[in-house]
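Student: One structure, as structure tokens, below. Some questions next.
The values are calculated or read from the model by the stated rules, or taken from the named source; none is laboratory data. None of these values were measured; they are calculated from a predicted model. As a convention, Cβ positions derive from the backbone with ideal geometry for all residues, glycine included, and neighbour counts pool all protein chains shown. Ligands, DNA and RNA are stripped out before the accessible areas are found, and what is left, the full protein with its side chains, is counted by its heavy atoms. Shrake-Rupley method; radii C 1.70, N 1.55, O 1.52, S 1.80 Å.
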Amino acid sequence: MPDRRQLLASALAGVASGLARPAFAQLAAPASAPFPKGFLWGAATAAYQVEGNNVNSDVWALEHMAPSSFSERSGDAANSFALWPEDLDLVKRLGLNTYRFSLEWARIEPARGQFSVAMLDHYKAMIAGCRARGLHPVVTFNHFTTPIWFAANGGWSSPEAPGLFARYCRRAAEHLAEHIAYATTLNEPNLVGMLEVALPGGRGAKLMAADKAMAAAAARAYGVPLFLSGNPVYVPDRFAVQANMIAGHKAGREAIKAVRADLPVGVSLAMNDDQAAGADTDMRDSMRAQLYDPWLEAASSDDFIGVQNYYRAVWSKTDKLPAPKDAVLNEGGSEIYPASLSGAVRYAYSKCARPVFVTEHGTDVADDTKRAWLIPAALAHLRRVMDEGIPVFGYIHWSLCDNYEWFQGYKPKYGLCSVDRTTFARTPKPSAAVFGAIAGRNAI
Ligand code: BGC
């Protein structure tokens, strides 16, 4: 499972263009008003990316296929399945008040219809551990990976998918909902099958072909007509998958609400800050209409809208423009643009007038000074958006620690903390102190 968003961003990265942007050094975060009392300041992880040894998950199977698009295997990851108390201590020590993590569906329902009380107890202990430390637990019911049996059943392309997801949500909520602070159903479902849209002109063809070959190998291995993972690049019928995922989100939300009506439930969407390079906004508008609008519509009766932003995308009449010549770049060669978060939030709210929760924002940089610069700069823009009247109630940084970045393996560094891959020792980076101080002051 590639990180589709990074693929989309890097496709044109690093090429010179005339877009103006200020130099990195000049971009100190301007002063701004404090954030509202009770604002949520958090860090995020996802189960598959940090727990390790999720042997019943679709990506584990794909990592072991031949051919496989995964550059390395997840293995022990950050060993958070065992070390979650240390993770929670870390969040607390950084000065944050919120931890976003996900449930691994394949641990909870390793075989169709067979639920594991022991695994549910594991997540229950994590939720209680958050509460014991004064942290708000924000729980993602499904962050990309699905059980192998679900993928072998055609994944989200199966008409059974929404019902299967809702049953899992119901069972998990019955065990866990009582002490969850906020729940999201799916993570970035709006990008599934969208590679050909977001990378126009056939530029995603190679990736698509590799993913298709890997999925075909998995289908052969499991003796099924289609093995569709939870976050595929190649999707046979993206419209059917989108419809099923939207139905799944709604049914999942209802299932959670049936257990605890007052638990706020939403969905997290991947959103660029899409801009039009000139007066012609058609291409920009068409991207927004395809990539976000069906989901912003689907989320319009949710309790909040989860926005996840990493990039801006500047569209000409026909295509995405490359990064400006003087852009600050991440490791993938894409522009780091601090105002992109506020732009994405503004668009989300314009189409879905629900309270906004920034459930992810971050960047892949080996040079942590770039992250330390990005966080206050982006938050200053976010604070300004709130002055415009957009109700944002929390900001969660991706990620608490360096982790398994899907098909790119362990190379990308999104963490506020590094992880020694042999001892699993976590070490906060300087950007964590910058972020923690903002959280502590509740102001930039
Ligand atoms: C995903 C994470 C991923 C992060 C950085 C988000 O799209 O939710 O799983 O690691 O971005 O690429």
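Student: Checking the condition open to solvent by 10 Å² or more (accessible area, probe 1.4 Å) and at pLDDT 95 or above, which residue from Val50, Val55 passes?
Tutor: Answer to the selection: Val55.
Student: Are any residues in the stretch 405-444 in contact (Cβ under 8 Å) with a residue 12 or more places away in the chain, under 24 Å from His136 (Cα atoms) and of a type in the set (Ser, Thr, Tyr), and if so, which ones?
Tutor: Tyr414, Ser418, Ser431, listed by residue number.
Student: I would also like to ask the following. Please determine, by comparing only the residues of the stretch 364-377 that are assigned to a loop (DSSP other than H, G, I, E, B) and open to solvent by less than 30 Å² (accessible area, probe 1.4 Å), which one is nearest to Trp398 (Cα to Cα).
Tutor: Asp364
Student: Report yes if Ala380 is in contact with a Pro (Cβ under 8 Å, 6 or more places away or on another chain) and outside any strand (DSSP E or B), otherwise no.
Tutor: Against the criterion (in contact with a Pro (Cβ under 8 Å, 6 or more places away or on another chain) and outside any strand (DSSP E or B)), Ala380 qualifies.
Student: To continue, here is another question. Does Gly193 count as at pLDDT below 95, at positive phi and either more than 16 Å from the ligand (Cβ to nearest atom) or part of a helix (DSSP H, G or I) (or both)?
Tutor: no
Student: Looking at (1) more than 15 Å from the ligand (Cβ to nearest atom); (2) over 30 Å from Ser80 (Cα atoms), which is the one condition that is false for Ala344?
Tutor: For Ala344, the exception is condition (1).
Student: Scan the stretch 386-401 and tell me whether some residue there is closer than 25 Å to Gly75 by Cβ and open to solvent by 40 Å² or more (accessible area, probe 1.4 Å).
Tutor: no
Student: Residues of the stretch 253-281 being within 16 Å of the ligand (Cβ to nearest atom) and assigned to a loop (DSSP other than H, G, I, E, B), which ones?
Tutor: Met271, Asn272
Student: Continuing with this model, one more query. What is the residue count in the stretch 282-295 for residues that are farther than 14 Å from Asp319 by Cβ and either away from the ligand (no atom under 16 Å from the Cβ) or assigned to a helix (DSSP H, G or I) (or both)?
Tutor: 8
Student: Look through the stretch 104-157, keep the residues that are assigned to a loop (DSSP other than H, G, I, E, B) and among the basic types (Lys, Arg), and return whichever of them is farthest from Met245 (Cα to Cα).
Tutor: Arg133
Student: State all residues of the stretch 256-274 that are among the aliphatic types (A, V, I, L, M) and surrounded by 24 or more Cβ atoms within 10 Å (Cβ to Cβ); if no residue qualifies, say none.
Tutor: If the condition is that a residue be among the aliphatic types (A, V, I, L, M) and surrounded by 24 or more Cβ atoms within 10 Å (Cβ to Cβ), then Ile256, Val265, Val267, Leu269, Ala270, Met271 are the ones that fit.
Student: Hey, any hits in the stretch 415-426 for a residue that's touching a Ser or Thr at 6+ places or on another chain (Cβ under 8 Å) and more than 16 Å from the ligand (Cβ to nearest atom)?
Tutor: Yes, the stretch 415-426 contains a residue that is touching a Ser or Thr at 6+ places or on another chain (Cβ under 8 Å) and more than 16 Å from the ligand (Cβ to nearest atom).
Student: For the list (1) assigned to a helix (DSSP H, G or I); (2) of a type outside the set (A, V, I, L, M); (3) over 24 Å from Phe141 (Cβ atoms), I need the number of the one condition that Lys250 fails.
Tutor: It fails just one condition, (3).
Student: Say we look at the stretch 61-117 and pick out the residues that are free of Cβ contacts under 8 Å to residues at least 60 places away in the same chain and among the polar types (S, T, N, Q); which of these is farthest from His136 (Cα to Cα)?
Tutor: Gln114
Student: Same structure, new question: State whether the residues of the stretch 348-363 include one that is farther than 24 Å from Gly38 by Cβ and open to solvent by 10 Å² or more (accessible area, probe 1.4 Å).
Tutor: yes
Student: In the stretch 296-328, which residue that is of a type in the set (Gly, Ala, Ser) and away from the ligand (no atom under 16 Å from the Cβ) is nearest to Ala198 (Cα to Cα)?
Tutor: Of everything passing the filter in the stretch 296-328, Ser316 is nearest to Ala198 (Cα to Cα).
Student: Which members of the stretch 222-246 meet the condition of being open to solvent by 40 Å² or more (accessible area, probe 1.4 Å) and hydrophobic (A, V, I, L, M, F, W, C)?
Tutor: Result: Leu226, Phe239, Ala243.
Student: Six or more apart or on different chains, Cβ atoms under 6 Å: show the pairs whose first residue is in the stretch 371-400 and within 16 Å of Ser32 (Cβ to Cβ) and whose second is at pLDDT below 95 and among the small types (Gly, Ala, Ser).
Tutor: Cβ pairs passing all conditions: Pro376/Ala29; Ala377/Ala29; Ala380/Ala29; Ala380/Ser32; Arg383/Ser32.
Student: Among residues belonging to the stretch 306-324 that are among the basic types (Lys, Arg) and at pLDDT below 95, point out the one that is least open to solvent (accessible area, probe 1.4 Å).
Tutor: Filtering first and then ranking leaves Lys320.
Student: Kindly indicate whether Val91 is outside any loop (DSSP other than H, G, I, E, B), within 21 Å of the chain's Cα centre (by Cα) and within 16 Å of the ligand (Cβ to nearest atom).
Tutor: No.
Student: Search the stretch 388-405 for residues being under 20 Å from Ala46 (Cα atoms) and part of a strand (DSSP E or B), and hand back the single one that is nearest to the ligand (Cβ to nearest atom).
Tutor: The extreme case among them is Trp398.
Student: Sticking with this structure for a sec: Looking only at the stretch 406-443, filter to residues that are surrounded by 21 or more Cβ atoms within 10 Å (Cβ to Cβ) and not in a helix (DSSP H, G or I); which one of those is nearest to the chain's Cα centre (by Cα)?
Tutor: Here the residue is Tyr414.
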